[in-house]
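What follows is a short report on a single structure.
Any read-out appearing in this document is the output of simple, stated calculations on the displayed coordinates, not a laboratory observation. Not measured: the values here are computed from a predicted model.
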Amino acid sequence: MTSLRVALCLTLLAGLALAADPTGSLSVARYSHSATRLADGRVLVAGGHTISGSLSSMTRSVEVYDPATQVFATTGLLTTARGEHGAALLADGRVLVVGGLGNV
């Protein structure tokens with residue numbers, strides 16, 4: 001019975017390891033950004049805070065993650081660098097980014 005439990009635990013752990021495979025990396029590391037799922041399943045990642053050394057700043061960068069290829073691609077820029085903002089998918093497919101902290 002104990003060997004069956006061990007085998008079951010190892011099988012479950014192996015399944016978890018496969019599910020946790022890493023994806024591609026963002027070109028700009030960030031936090032306090034928005035991530036919006038688009039109608040086609042891709043994810044738009046916009047703005048956020050970045051850290052360089054001991055300094056924190058906000059970014060205008062926007063990237064799209066494609067789960068089919070597991071790749072992030074840069075696309076456009078926000079008009080104003082911002083973090084801690086909200087984002088909403090509009091009916092026409094555009095993403096509205098509002099509020100938060102911004103560099104003006």
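Some notes on this structure:
- The stretch between Ala29 and Glu84 holds 18.3 nm of extra length on full extension. This uses 0.36 nm per residue minus the Cα-Cα distance.
- Net lengthening on full extension, Val71/Leu96 (0.36 nm per residue, minus Cα-Cα): 6.7 nm
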